[in-house]
1. When the stretch 107-124 is examined, which residues are found to be within 14 Å of PRO184 (Cβ to Cβ) and either open to solvent by 30 Å² or more (accessible area, probe 1.4 Å) or among the β-branched types (Val, Ile, Thr) (or both)?
2. List the pairs whose first member sits in the stretch 109-123 and is small (Gly, Ala, Ser), whose second member is open to solvent by 30 Å² or more (accessible area, probe 1.4 Å), and whose Cβ atoms are under 7 Å apart, counting only residues at least 6 apart or on separate chains?
3. When ALA19 is evaluated against the numbered criteria (1) of a type in the set (A, V, I, L, M, F, W, C); (2) modelled with pLDDT under 80; (3) out of contact with any Asp or Glu (no Cβ under 9 Å at 6 or more places or on another chain), which criterion, by number, is the only one it fails?
Amino acid sequence: DSAAVLGALIDYQLGPSPATLAALQRTHIKAGGTAAVAEDVCRCMYFIESSHGSLPEKVGQLAAVPPVAIGTFWAGRVLHEHNRWAGALEQYARALAADTSDPRTRLFYAIAFLNALRPGDAFEVLREIPGTWAPFTVSYWRARALLDLGRLAEARVLLEALPTQIPPEPTIPDASTDSGPVQPPTSPSCVLGDIYAGEGDVVRARGLLEKPGADCDDAL
């Protein structure tokens, strides 16, 4: 079985394909539906080109992968990246109900709430993420929720503590600032510049918004 897992993972790294997916699914069944293999199954299914099945089919296949907390998270992620906020929220809610301690699910769930114009729900979901888990990324999205709630002063405090660009952070697979909907739409410094401008601090605002290479158009 270990050789089969290794072979399937090598194929997966070379390029996910329907054949690779089928091999991983067989391995998943043999392994008793373990979380680690479930992640590989879902990742493979996620990265296979969209031509292999419709969006509803892919979502249904992902949601059916046990454990529930993993399969439904990936189903939510696919819907999320297709701007299907209601469906994404439903799948993330199922995933979080199955594992309330998973910070990855909380992060994506909160961002979907922001996309759905529900910043209060987003902020509450983010409150439960431990401070040691992807602290820069989580702080950024907490600040975005506070901004959407009109709590600019609190958002400014969080953003002032962040680096100019959020570095890649070691998170649970595929929940980094380089992937999917976790990617901040603009840098912390650009958002902070707009806050300064709104507060009348023109000097500091210009220092951030007009900095060469900042690309701060429409930061908020």
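The values are calculated or read from the model by the stated rules, or taken from the named source; none is laboratory data. Model, not experiment: these values are computed from the prediction. Cβ placement follows ideal geometry from the backbone for every residue including glycine, while neighbour counts extend to all protein chains displayed. In case anyone asks, the SASA skips ligands and DNA or RNA and just uses the protein heavy atoms, side chains included. Shrake-Rupley method; radii C 1.70, N 1.55, O 1.52, S 1.80 Å.
1. Listed by number, the residues that qualify are ILE111, ASN115.
2. ALA112/TRP85; ALA116/TRP85; GLY120/LEU149
3. That leaves (3) as the condition not met.
Rundown of residues vs (1) modelled with pLDDT of 95 or more; (2) surrounded by fewer than 24 Cβ atoms within 10 Å (Cβ to Cβ), yes/no style:
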| site | (1), (2) |
| --- | --- |
| ASN83 | no, yes |
| GLY87 | yes, yes |
| ALA95 | yes, no |
| SER101 | no, yes |
| THR164 | no, yes |
